[in-house]
1. Filter region 37-71 down to the residues that are closer than 21 Å to TYR355 by Cβ and assigned to a loop (DSSP other than H, G, I, E, B) and list them by number.
2. Out of LEU369, LEU340, I need the residue that is surrounded by 21 or more Cβ atoms within 10 Å (Cβ to Cβ) and not in a helix (DSSP H, G or I). Which one?
3. Among the listed residues ALA376, ALA323, identify the single one that is in contact with a Ser or Thr (Cβ under 6 Å, 6 or more places away or on another chain) and either closer than 28 Å to ARG259 by Cβ or at pLDDT 95 or above (or both).
4. Taking SER395 as meeting all but one of (1) hydroxyl-bearing (Ser, Thr, Tyr); (2) part of a helix (DSSP H, G or I); (3) modelled with pLDDT under 95, write down the number of the exception.
5. For region 92-110, does any single residue satisfy the condition of being of a type in the set (S, T, N, Q) and more than 24 Å from LEU285 (Cα to Cα)?
6. Confirm whether VAL328 is of a type outside the set (D, E, K, R) and farther than 25 Å from LEU97 by Cβ.
7. State yes or no: is ARG354 within 20 Å of the chain's Cα centre (by Cα), surrounded by fewer than 21 Cβ atoms within 10 Å (Cβ to Cβ), part of a strand (DSSP E or B) and of a type in the set (Lys, Arg)?
8. Quick check: is even one residue across region 318-337 in a strand (DSSP E or B) and in contact (Cβ under 8 Å) with a residue 24 or more places away in the chain?
Amino acid sequence: MSSLKTPRLLAPALLACALAAWAGAAEAAAPRVERVAIVMRHGVRAPIVGEAPEGTLARDPWPTWPVPAEHLTPRGARALQILGRSDRTWFAKLGVLPARGCPARGQVRIWTNTAQRTISSGEAFAEGLAPGCDLPIGHRAAGEVDPLFEPLRAGVAPFDPPAAIASINAYTGGVDQLAARLKPELDELDRVLDCGAPRGCQPEHPSSVRPSADGRGVELTGPIRDASGTAQVLLLQYVEGVSPSGSRWRGIEPASLKRLGALHAALFDVFTRPPYMTARQAGPLARRVLDSLASPAPGVDVFMGHDTNVTALAAALGVPLAAPGYAVGDVPPGGSLVLLRLVDDAGRRWIQIRYQTQSPEALRLESRLVSRPVIAPWSRGGDAISLDEFERRLSEAVSTDAPPPSVRLTADPANGEHRGYDETPSAPEAR
């Protein structure tokens, strides 16, 4: 009988040993993160002059801001410091940065566009990421156009306006149709503004998309162009904490802000998501990101720009932008794509992408809550793609030698799924 009982007594122990050995092997084989590239929108800023178009009517006076137009606010800087601290903890756990003290020279590189809001955002994020370390913030001289962040304005890629407009019309179904699909949101914006005008609170312009005067881009007119900036101003007011205030701007509540965000997001369906536009808007920055991820040294690269940069790169990657509290495709202040390069014990390298945001409430209340879900572009059955395949597909997506592949389309206009654009009425690349 003992010979029959012995296997029963030994089986649990043997099973435990086998499981332990398997777990140890699995742990040893788990890929580790060795490099990070971040493409981020600047933090909370004051509205740009004309962002809510001249002639926009509202029941309540527009709030007063603590900084000049377009500048990063103190609250926006604090939110980025909180984000930097959160990322430092995260990167330390991943083994990319030390848990304490200053990173080694060159281990963190931050490059920003030349506007005050982007430079100051880079400084605030750096202070949170490495307090007291005076990380250098790189950028071009004031007044220069940086093609990484404003490639159309810099004229660094061939641009054929008729081809661009054809791509936009194919992607959106036409800007008139884009506006028609967003009629409920346009009506809600009128209710929020509550101006009492029978014909609505927004200026009336016919929808059109035409070549820009310099031939390097396109210009959009109509209700989406007008309402997008107003919707963005309302979001900025909310996260800055200047509305609702007492009885003013009572219509601005989180659920309403999320719905109105579709108006801002729709601009990206014109300026960054159509394949022709994606290849040109994302190209220079995508190539710099590829260089960063190919670097043999461990470290972190941060590119502090605008929402056009985030949406264009997301379109090139074929990934949606969905985050708590925001319309799909809209990028909040401080929103970013975080690209992680992983390596396994066999030396194989992979790319994983996360979309990082702070919710409207987190920005408003200066909360430490950060969302960073995994996005898995082009992958099948996993959340990462091989580095070689990533490089090949992203390079194809931003090539201006031929029409970009249709795999990058992330919105289906026929199903009414739309996204957005950045900020300046006259310069859609630099919001």
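The values are calculated or read from the model by the stated rules, or taken from the named source; none is laboratory data. None of the values given here were measured: they were computed from a predicted structure. All Cβ positions, even for glycine, are placed from backbone atoms using ideal geometry, and neighbour counts span all protein chains on display.
1. Selection gives HIS42, GLY43, VAL44.
2. Working: LEU369 fails: surrounded by 21 or more Cβ atoms within 10 Å (Cβ to Cβ).
The conditions single out LEU340.
3. Values: ALA376 fails: in contact with a Ser or Thr (Cβ under 6 Å, 6 or more places away or on another chain).
Result of the check over ALA376, ALA323: ALA323.
4. So the condition that SER395 fails would be (3).
5. Quick first cut of region 92-110, residues of a type in the set (S, T, N, Q) only: 107.
Subset that is more than 24 Å from LEU285 (Cα to Cα): none.
For region 92-110, residues of a type in the set (S, T, N, Q) and more than 24 Å from LEU285 (Cα to Cα): absent.
6. Values: of a type outside the set (D, E, K, R): yes; farther than 25 Å from LEU97 by Cβ: yes.
The answer is yes for VAL328.
7. Working: within 20 Å of the chain's Cα centre (by Cα): yes; surrounded by fewer than 21 Cβ atoms within 10 Å (Cβ to Cβ): yes; part of a strand (DSSP E or B): yes; of a type in the set (Lys, Arg): yes.
Taking the combined requirement at face value, the residue satisfies it.
8. Our first condition is that a residue be in a strand (DSSP E or B); within region 318-337, this holds for 336-337.
Then keep just the ones that are in contact (Cβ under 8 Å) with a residue 24 or more places away in the chain; that gives 336-337.
Looking through region 318-337, at least one residue is in a strand (DSSP E or B) and in contact (Cβ under 8 Å) with a residue 24 or more places away in the chain.
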